[in-house]
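Working notes, beginning with the structure itself.
The values are calculated or read from the model by the stated rules, or taken from the named source; none is laboratory data. Everything numeric here is computed off the predicted structure, so don't read it as measured data. For neighbour counting, all protein chains shown are included, and Cβ atoms are generated from backbone atoms with ideal geometry for every residue, glycine included. Each accessible area value is taken on the protein alone, full model and side chains, heavy atoms only, with ligands, DNA and RNA left out. Shrake-Rupley method; radii C 1.70, N 1.55, O 1.52, S 1.80 Å.
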Amino acid sequence: SVTEFRRVLFRSGIRSFAQPAAQFKQFDNSIVPLPLAAAANVVGFAADQRKLPLLFSLKMNNKADLEKRALGEPVSAAEMASSFGGDPAAVKNLTTWLAENGFTDIQVGVDGTRVSATATAQQIEKSLGAKMTNIFYQGAVYPTAATAPKLPSAIGDSVTAIGGLQPWIKATDRKSVV
């Protein structure tokens, strides 16, 4: 059995390089499960070298205080950055990790709650653990994530979502869908 095989490896001093699941944060909110109709249009691994722009959303500081403010009360960019922006240490940890894992064009939003970066589908699969594939949709082929991405917990605990993994999905105005 697999369990017995692992015990033998452990007793012999051979350790798995795989990280335990508890050391990773999975972002199920960052993908939409592929519908059956879309799954029928999967055309294989996203091996092309197109770069996907990704957006990492980070936790805000003092979010509850911001929510208590009067609805519609303006917040200046300077106040947003200083009072409600992201944690500079978390931003630094994320941008360092992204650079070390092959992401390029790394940019930080003014308030520190957004970090954008680009990577190929292969790099995303390797570093974020998201299964990437190509999908044929409305006459074009798009790279897309079929499974949720993961980040090491030390990095991912300050991240709330990762956008851009399914670039073929677009927001729709519900009024025009009737």
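Between THR147, THR172, THR118, which is at pLDDT 95 or above and either out of contact with any Leu (no Cβ under 9 Å at 6 or more places or on another chain) or open to solvent by less than 30 Å² (accessible area, probe 1.4 Å) (or both)?
THR118
With respect to the numbered conditions (1) at pLDDT 80 or above; (2) surrounded by 12 or more Cβ atoms within 10 Å (Cβ to Cβ); (3) within 30 Å of THR118 (Cβ to Cβ), which one is the sole condition not fulfilled by SER83?
(3)
For residues in the range 156-169 being of a type in the set (Val, Ile, Thr) and closer than 17 Å to ILE124 by Cα, which is surrounded by the fewest Cβ atoms within 10 Å (Cβ to Cβ)?
Across the range 156-169, the extreme among qualifying residues is VAL159.
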